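Contents: one structure, followed by commentary.
Coordinate-derived values only; no laboratory data. Since the structure is predicted, the reported quantities are computational estimates derived from the model, not experimental observations. Cβ: placed from backbone, ideal geometry, glycine included. Neighbour counts: every protein chain shown.
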Amino acid sequence: MMEWLAIALTMVIGLAGGLAVGGGFVAFIVVLDIIPRLAQLTHTRHRIAWLEAAVICGVIYWSLADFNGWMWRASPIGTAAVGCVAGIFVGMLAAALTEVLNVLPILAKRLKLFNVLKWLLLAMMLGKVCGSLFDWLVYQRI
């Protein structure tokens with residue numbers, strides 16, 4: 001009896017956690033207005049349903065891949081290609097978050113950095129690249 005209760009409790013906690021994370025993801029995408037902004041920038045407003053379907057298919061596929069422990073063995077070139085696509089996604093997400101929150105204009109105004117704003121952006125970009133390279137090439141091998 002206690003075993004079934006533990007299994008049921010685990011299922012309820014897992015479902016609640018999944019709903020919380022999924023709801024947070026959807027809220028994040030909606031608040032940042034990612035899909036309409038992407039459609040606007042790429043001049044594909046008439047294909048917005050395709051972009052939404054791509055996000056849904058990606059979430060379902062990667063959820064199944066995670067749950068089932070799917071492995072994808074690729075050459076270093078294939079791995080680099082996937083890394084570039086993932087980096088583009090993360091960059092677009094960070095850019096959308098920055099755009100929505102107007103972080104850089106507020107930072108430049110408060111710290112009086114208008115003259116060096118492009119250098120601040122370059123420093124942020126190089127810091128992200130160097131940190132990622134350190135993580136992949138050094139930290140992961142330790």
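A few comments on the model shown:
- Straight-line cross-link partners of residue 109 among the aspartates and glutamates, defined as a Cα under 16 Å from its Cα and at least 8 positions apart when in the same chain: 99.
- Extended-chain gain in nm, criterion 0.36 nm per residue less alpha-carbon gap, residue 3 and residue 89: 26.7 nm
- Debye, to nearest 20: dipole size of segment 62-142, +1 on Lys, Arg Cβ, -1 on Asp, Glu Cβ: 360 debye
- Cα-only Debye scattering, segment 1-90: base-10 log of I(q)/I(0) at q = 0.11, 0.20 Å⁻¹: -0.51, -1.14
- Remark: spin-label model distance residue 13-residue 60 equals 3.0 nm, labels positioned 7 Å along the Cα→Cβ axis.
- Kirkwood estimate for segment 1-53, i.e. one over the average of 1/r between Cα atoms, Å: 13.6 Å
- Extent along the principal axes, Cα only, for segment 65-142: 49, 26, 21 Å, with the longest axis given first.
- Each of 29, 131, 60 was placed along the dipole of the chain (beta-carbon charges, centred on the mean Cα), and the one lying farthest toward the positive end is 131.
- Taking Cα centre as origin and charging only the Cβ of basic (Lys, Arg, +1) and acidic (Asp, Glu, -1) residues, the dipole magnitude of the chain rounds to 700 debye.
- Helix runs (DSSP H) in the chain reaching 27 Å along axis by Cα, Kyte-Doolittle at least -1.0: 2-32, 48-68, 76-101, 117-137
- Cβ-derived FRET efficiency at R0 22 Å, residue 130 paired with residue 68, nearest 0.05: 0.05
- Residues listed by number, segment 104-142, amide nitrogen under 15 Å from residue 79 label point at 7 Å toward C-beta: 133-142
- For the chain, the 222 nm mean residue ellipticity estimated from helices alone, with every DSSP H stretch of n ≥ 4 adding -39500 (n - 2.57) and the total spread over all residues, rounds to -28000 deg cm²/dmol.
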